[in-house]
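Here's the structure we're looking at; comments come further down.
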Amino acid sequence: MTSTCIRSIHSPTILLWMVCLAFGAAFPDKLLAKQRSIIIIDAGHGGKDKGSYWGGVRESRIALATAKELEKELRRRGFLTVMTRRTDAFVSLGERVRIANRVPKGIIVSVHYNANTDRSVKGIETYYMSPAGRKLASVMQGTMMEKVRSRNLGVKRKNLKVIRESKHPAILVECGFISNNWERGRANSAWYQKAIAKLMAEGVARYFGY
Ligand SMILES: [Zn+2]
């Protein structure tokens, strides 16, 4: 009984080490890095702050739905996550920074949808502040643009409180323009929220070298 238990516990560990040895023992380091870094997911706006509002679509609602899909996808891939909000509640920018900075090691992905008074404007863009954020932004934007049919508006340095005051590499992703009829229709659908979240999770994985 005891020996069976021990075998069942240790066999996967032994197997893992055999795989690691076969691949030059690179795997444990990456695994540890992945376990230590926490992905802080920041759904933009919420509560009294509804963000942009076009054609009956509230940015705060679809940003939260997309953020929850991102959380699901990252956890499926084995990442640890923290959400700055999980409901339609108002969370101040200062509180979001405090939540993020309580995490010892991690990155921040802030999820938003864009708007412009020129309703023809569409596309996806990613903002950053620090050089570390720029690297994350480049990987994220590049990963998303491989699969999303939209205009690539690139990565931009922007002075935004959450990404400026965070001690971690931080980015803010604008997942599409809800002021544009076509992008709003897509952004308001569950399939797009899931698809863009999957791509963001892939971007996070690539940033960590997977
Ligand atoms: Zn926003």
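The values are calculated or read from the model by the stated rules, or taken from the named source; none is laboratory data. It should be emphasised that the depicted structure is a prediction, and the values quoted were computed from it without experimental measurement. Note: ideal-geometry Cβ built from the backbone for every residue, glycine included; neighbour counts use all protein chains shown.
Tell me, please, whether a residue that is small (Gly, Ala, Ser), more than 11 Å from the chain's Cα centre (by Cα) and either on the phi > 0 side of the Ramachandran plot or surrounded by fewer than 16 Cβ atoms within 10 Å (Cβ to Cβ) (or both) can be found in region 169-184.
So in region 169-184, the residues small (Gly, Ala, Ser) come out as 170, 176, 179.
Going one step further and asking which of them are more than 11 Å from the chain's Cα centre (by Cα), we end up with 176, 179.
Cutting the leftovers down to either on the phi > 0 side of the Ramachandran plot or surrounded by fewer than 16 Cβ atoms within 10 Å (Cβ to Cβ) (or both) gives us 176.
Within region 169-184, one or more residues are small (Gly, Ala, Ser), more than 11 Å from the chain's Cα centre (by Cα) and either on the phi > 0 side of the Ramachandran plot or surrounded by fewer than 16 Cβ atoms within 10 Å (Cβ to Cβ) (or both).
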What helices (runs of 4 or more DSSP H) lie completely within region 147-210 and have 2 or more residues being within 16 Å of the ligand (Cβ to nearest atom), closer than 14 Å to TYR128 by Cβ and free of Cβ contacts under 8 Å to residues at least 60 places away in the same chain? 161-165
Please identify the pairs in which a residue from region 43-54 that is within 18 Å of ILE99 (Cα to Cα) and small (Gly, Ala, Ser) has its Cβ atom under 9 Å from the Cβ atom of a residue that is away from the ligand (no atom under 11 Å from the Cβ) and assigned to a strand (DSSP E or B), counting only partners at least 6 apart or on another chain. ALA43/MET83
So if I check each of LEU172, LEU160, LEU153, which one is over 21 Å from HIS45 (Cα atoms) and either in contact with a strand residue (DSSP E or B) (Cβ under 6 Å, 6 or more places away or on another chain) or modelled with pLDDT of 95 or more (or both)? LEU153
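Residues checked against (1) out of contact with any Ser or Thr (no Cβ under 9 Å at 6 or more places or on another chain); (2) within 21 Å of ARG85 (Cα to Cα):
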{"position": "LYS156", "(1), (2)": "no, no"}
{"position": "ASN159", "(1), (2)": "yes, no"}
{"position": "LYS167", "(1), (2)": "yes, yes"}
{"position": "LEU172", "(1), (2)": "no, yes"}
{"position": "ARG184", "(1), (2)": "yes, no"}
{"position": "ALA197", "(1), (2)": "no, yes"}
{"position": "GLY203", "(1), (2)": "no, no"}
{"position": "ARG206", "(1), (2)": "no, no"}
Just checking, which of ARG77, ARG86, ARG58, ARG102 is out of contact with any helix residue (DSSP H, G or I) (no Cβ under 9 Å at 6 or more places or on another chain) and away from the ligand (no atom under 15 Å from the Cβ)? ARG102
From (1) over 25 Å from PHE177 (Cβ atoms); (2) within 16 Å of the ligand (Cβ to nearest atom); (3) of a type in the set (A, V, I, L, M), pick out the condition that doesn't hold for ILE38. (2)
